[in-house]
Amino acid sequence: MATAQSRPLLTIGKYAALLGYLSFALFPLYWLLKIAITPDQLIFSEGTQLWPSSLTLDNFRTVLFQTDFLAYFGNSLYVSLGTAAATTLIAAGAGYAFSRFDFGGKRIIIAAMLITQMFPLLMIIAPIYKIVASLGMLNSLTSLIVVYTAFNIPFATFLMQSFFDGIPKDLEEAAMMDGCSRFQALRKVIFPLTLPGLGATLGFVFTAAWSELLFALMLISKNEAMTFPVGLLTFVSKFSVDWGQMMAAGVLALIPSCLFFIFIQRYLVQGLTSGAVKG
Amino acid sequence: MARIELKDVVKRYGSVEVLRDIDLDIEDGEFIVLVGPSGCGKSTLLRMIAGLEPITSGDFLIDGERMNDVRPRDRDIAMVFQSYALYPHMDVARNMGFSMEIRKDPSNERMSRVKQAAETLGLTSLTERLPKALSGGQRQRVAMGRAIIRDPRAFLFDEPLSNLDASLRVEMRLEIARLHQKLGATMIYVTHDQVEALTLADRIVVLNGGDIQQVGSPLDLYERPANKFVAQFIGSPTMNIIPVQGNSNGVKLADGTLLELPHLFGTIDAVELGMRPEHIDVVEVGDLVGVADVVEHLGSDTNLYLQVEGLGPLMVREHGNIPVQPGDRVGLRIQSENIHLFGPDGNALRCPTKEAAA
């Protein structure tokens, strides 16, 4: 009766809401792709049409072969992978220590790490610039990796700690009773169960480093050391913006993030620890 | 196979003392059950034997060798955890064979031991499953398989059955008893369940508040509890304890009744009298008269919750089915040879009997 009638309505409403949200979230991506494949002469004449009257891949061709885009891309990949690897390694170690051991100064370290997350980055750009400059590391990709790693470690550590907290302590103790040293227990029992956590942390840090603009802009001024977000600004000249090429470059920049998440998504699936202890 | 000794073992967390002066000798092949209310330190004691918890002071020896600072992996002790602690990413066979894998034993030997253990525990058809695809009882069996596979010097069990339902618990209890008979290994078992303690143990160690209250065989503890705590902790239903006044040839109850204890000798300076519910008989005319409050008919037994004027509540367990209804007046006779007397400090009084004196 009343409930029987309202159920299909409820289902339709649920899907309508999902559809609404999805189109809202994905529309900018669609627009990015649409402008990237619109011929230059149509961009302004057909600006608001949902689909252009003719398509072209010229923008991609120009971006790939006539600009420094590939170099920027390579730089970004190097910086992001380096940051993700360094951060995850350090955060995993720190997270494990916070999760499993009690040591002097633990609370102070945690408090200090929280505080670093509380104020805006803009405040410390000048000091960071001075430090990096006096180390003679301006215009080097390594300086970006160091700075990004430093800024991502606190959050990544808390993330990893929560993953370690989710793994029962009994498992390590059982492994130690079975003849493992603490390190063996970590490697053979805990590590395989932390893969989802490592995947999530890697993904998070990679994306953060991939899209970072502020520090890259401040610390890098040489063309050959530019990362992709900085390089994107070169499409904006003094008198015009090359929309088509900029969007094409944007589309290309999405590819590694997508690939990365496809690669780690199987580690993000929950439930890997189910069955360990009574559930 | 191992003889385990604890000498003056103390455990402190900061300034909090959780275990005091624990002295315990465990014979080779003995089944010891540590029992006590929650927070009594029984699990901590087990974890100290396992090496998962450092010992603050005192000596812990296995076969005469001091083990205080030996790592868990080098103590050659197997442990079954309350949570089972199976490795979720390994199948049953690898879970059971993990200790041999770590020890780098030849893989054909490992396979045959795993197969043998799986047969013993009825897990043969499940060896390729992951723990998440097992029921609680099966997980429990795998955890036991993991312990027996490498033939350790001793087995530790930390409340292994408390996550199972009642019927499975009885079944696994029998299985553990069988395992002990078959392997003849030293086993230390922690539980808060006195039925498990009474049925499995060669000797029971009763702990309370960080102290050993009494060590003895199940019947010892039942028949000769060292103090009021053990008397009330062991035995179900719980022992009745009422205040009394000592007398030269018996004790005087609070309502003025004199309970003669002709088999005891000398002056009795008891302040409390303990009687197990099964040691009070329902009779026509007895020492006391009680009014039935609640009557539980269990078929094999009848539990009576009575109010006795001047004494307060008493519980009586009578064998078989007796036709008593709530509100009935019942005559009670105390089996004077089965009573327990406690002094002002709560310790049991051991009065010399006439037989012993003669």
Most to least packed among A:211-220, A:76-85 [average Cβ atoms within 10 Å]
A:76-85, A:211-220
For peptide B:81-94, how many partner chain Cβ atoms fall within 10 Å of a residue's Cβ, on average?
6
Residues of region B:284-350: accessible area per residue with a 1.4 Å probe, Å²:
54
Report the label-to-label distance for B:VAL271 and B:SER125 in nanometres (one decimal), using points 7 Å from each Cα along the Cα→Cβ vector.
6.3
Among A:172-185, B:294-307, how do they line up by average Cβ neighbours within 10 Å per residue, starting with the highest?
A:172-185, B:294-307
Percent RCO, i.e. relative contact order, over region B:1-75, from Cα pairs under 8 Å lying at least 6 residues apart:
37
Protein accessible area in region A:9-56, 1.4 Å probe - carbon and sulfur %:
76
What's the angle, to the nearest 10 degrees (0 to 90), between helix A:2-36's Cα axis and the longest principal axis of chain A?
60
Average partner chain C-beta neighbours within 10 Å, per residue of A:166-176?
6
For chain B, find the longest principal axis of its Cα atoms and tell me its angle to the long axis of helix B:107-120, 0 to 90°, nearest 10.
30
Can you give me the relative contact order of region B:94-227 as a percent, contacts being Cα pairs under 8 Å and 6 or more apart?
17
Tell me, what % of the accessible area of region B:242-357 is carbon and sulfur with a 1.4 angstrom probe?
50
Classify chain A from the C-alpha gyration tensor, please: rounded if a/c falls under 1.5, else prolate or oblate depending on whether a/b exceeds b/c.
oblate
How many Å² of accessible area per residue for region B:132-180, probe 1.4 Å?
35
Each residue of B:69-75 has, on average, a number of other protein chain C-beta atoms within 10 Å of its C-beta equal to 4
For region A:58-119 and region A:146-174, what is the separation of their Cα centres, given in Å?
14
Which of A:LYS106/B:LYS7; A:LYS106/A:LYS222; B:LYS11/B:LYS228; B:LYS11/B:LYS182; B:LYS104/B:LYS182; A:LYS169/B:LYS11 exceed 32 Å between C-alpha atoms? The answer is A:LYS106/B:LYS7; A:LYS106/A:LYS222; B:LYS11/B:LYS182
Once the Cα atoms of helix A:243-268 and of chain A are each reduced to a long axis, what angle between those two axes, in degrees from 0 to 90 to the nearest 10, is obtained?
20
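The values are calculated or read from the model by the stated rules, or taken from the named source; none is laboratory data. Values in this document were obtained by computation on a predicted structure and should not be read as measured data. FYI the Cβ positions are ideal-geometry reconstructions off the backbone, even for glycines, and counts take in every protein chain you see. All accessible areas refer to the heavy atoms of the entire protein, side chains included, with ligands and DNA or RNA removed. Shrake-Rupley method; radii C 1.70, N 1.55, O 1.52, S 1.80 Å.
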